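Values in this text are rule-based calculations from the coordinates and carry no lab data. In this text the structure is predicted, and so the values were computed from the model without any measurement. So basically every Cβ, Gly included, is an ideal-geometry build from the backbone, and we count neighbours across all protein chains shown.
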Amino acid sequence: MQAASEALRRMDYLACEAHCLEALGAAREQKDWAYYARVLLPLQEARRQRRIIAAEGVIRLGSGYLPTDWHNWPEEYGAGCLVLTHPHTTRIACAMQQEARRQHRYVEVLFADNASPADTWMIRSFAGPEVTCAMPAPPAKWRDQWWRPKSKTIKDSITPADWFLQACERLGDTALAQVDASQGGLAHLETLEQSLAVVTDHEKLHQRLADAARAMRA
């Protein structure tokens, strides 16, 4: 956690996140639930900052006109948020998110199980338990194009980045609603861990997981 604190101080949020996850795994293995709960605080903050940086980058809502081989996509999405739609798949979304982490990029990925022209977008998890939620489609003028910071003027009160963040929040809320709090004990904690994989920066899921860890101390 000293390495995590140092990374957080120098604003290397991806490194902080990685160190926190390592510490979380060690705390879990040792059944040190008090330490586990404490680790979740800097982890939540690192992920919150990761989300902010991504939302200030390039935004893409819909991938209908992009090649199915995402490795050929342009380098300009080094930081940003992307919603993949058909013909892409959850497998590609998962691979893309993992590759972004390996490359130390502030990229957030969602998958919508529909074509870009659909009136309702079905946001679907590609990690953790199966979770799906419906979102009103973004305005047609926002779809299937890159929105770069300061390169286009958006006069709407809601921006493409806002739409992305709202979709993340709704998917995370849906994942949390599916958790059976009556389980209690380790089973409850494990369910929350799995649900956090759906939207890794969802703040309420971090908080409920910390509550579950503290309850394990009793």
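Miscellaneous remarks
- In degrees, nearest ten, helix 160-177 long axis to first principal axis of the chain (Cα): 40
- Cα long-axis angle, helix 90-102 against the chain (0 to 90 degrees, to the nearest 10): 70
- FRET efficiency for residue 104 and residue 134, using Cβ-Cβ distance with R0 set to 30 Å, rounded to 0.05: 0.35
- Phi to ³J(HN,Hα) by Karplus 6.51 cos²θ - 1.76 cosθ + 1.60 over the range 131-138, Hz, x for Gly, Pro: 9, 9, 9, 9, 10, x, 4, x
- Structure-derived mean projected area of the Cα convex hull in nm² - corresponding label in (1) 12.3; (2) 14.2; (3) 11.4: (1)
- Centre separation in Å (Cα based) which lies between the range 23-70 and the range 92-109: 11
- Spin-label pair residue 207/residue 34, simplified geometry with 7 Å Cα→Cβ offset, distance in nm: 2.4
- Inter-probe distance in nm under a simple model that places probes 7 Å from Cα toward Cβ, at residue 170 and residue 186: 3.8
- Take each peptide in 136-143, 31-38, count the other Cβ atoms within 10 Å of every residue, and average; sorted highest first, the result is 31-38, 136-143.
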